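The structure under discussion appears below in the form of structure tokens.
Read the figures in this text as sums done on the coordinates, not as results from a lab. The model shown is predicted, which means the values in this text are computed figures rather than measured ones.
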Amino acid sequence: MMISEKMNESLNKQINEELYSSYLYLSMSAYFEATNFHGMAVWMKHQADEEYQHAMKILGYVNDVGGRVKLGAIKEPKFEWTNPKEVFAESKEHEIFITKCIHGLAKQAETEDDYATRNFLSWFIDEQVEEIASVTEIVDRFEFIEDNKSALFLLDRELARRGQTH
């Protein structure tokens, strides 16, 4: 095995975190569907798909370096929120948490002189910058629009375009 048992275990934990993230965003998408915010549902569904792909990327890496993937139970995500703003604020907090997890993995790789894993994690470090910036922009928009229902409608419509090619 090209990675330590401890690193293997930490990467398996991160696979679980990424799968939970996917599950959480899928729950958020379902909430938006149930509350007729279909554009926000689309945005969160894309987010769920992206997080699933992150898990698969780590899973592939663990296999590539001779580690062993061990999947654990995924905790049940929250499914009820007060309003769309709360959902996106929670999404931002979750991305901050995931960023801390990725940074912890990078620090562990550096401590273990595991340069291959540290290099692999660089993509995730960059990705987390984008993730936080993207959701922060939406949270800021909620602050700006406050209780303006027309603006909320327009934001929902705009978020529906995520993933569309122009």
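The table that follows gives values for the structure above.
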{"read-out": "Kirkwood Rh in Å, taken over all unlike Cα pairs in segment 106-148", "value": "12.4"}
{"read-out": "Stretchable slack from Glu110 to Phe97, in nm (0.36 nm times residue separation minus alpha-carbon distance)", "value": "2.7 nm"}
{"read-out": "Extended-chain gain in nm, criterion 0.36 nm per residue less alpha-carbon gap, Asn63 and Glu90", "value": "6.5 nm"}
{"read-out": "Quarter of Cα convex hull surface for segment 76-166, i.e. mean projection, nm²", "value": "8.1"}
{"read-out": "³J(HN,Hα), Karplus 6.51/-1.76/1.60, whole Hz, each residue of segment 10-26, x for Gly, Pro", "value": "5, 5, 4, 5, 5, 4, 5, 4, 5, 5, 4, 4, 4, 4, 4, 5, 5"}
{"read-out": "Kirkwood-type radius of the chain, with distances r between different C-alpha atoms, in Å", "value": "16.9"}
{"read-out": "Helical contribution to [θ] at 222 nm, DSSP H n ≥ 4, -39,500 (n - 2.57), averaged over the chain, rounded to 500", "value": "-27000 deg cm²/dmol"}
{"read-out": "HN-Hα J in Hz across segment 35-47 - Karplus 6.51, -1.76, 1.60, θ = phi - 60°, x for Gly and Pro", "value": "9, 6, 10, 5, x, 5, 4, 4, 4, 5, 5, 4, 5"}
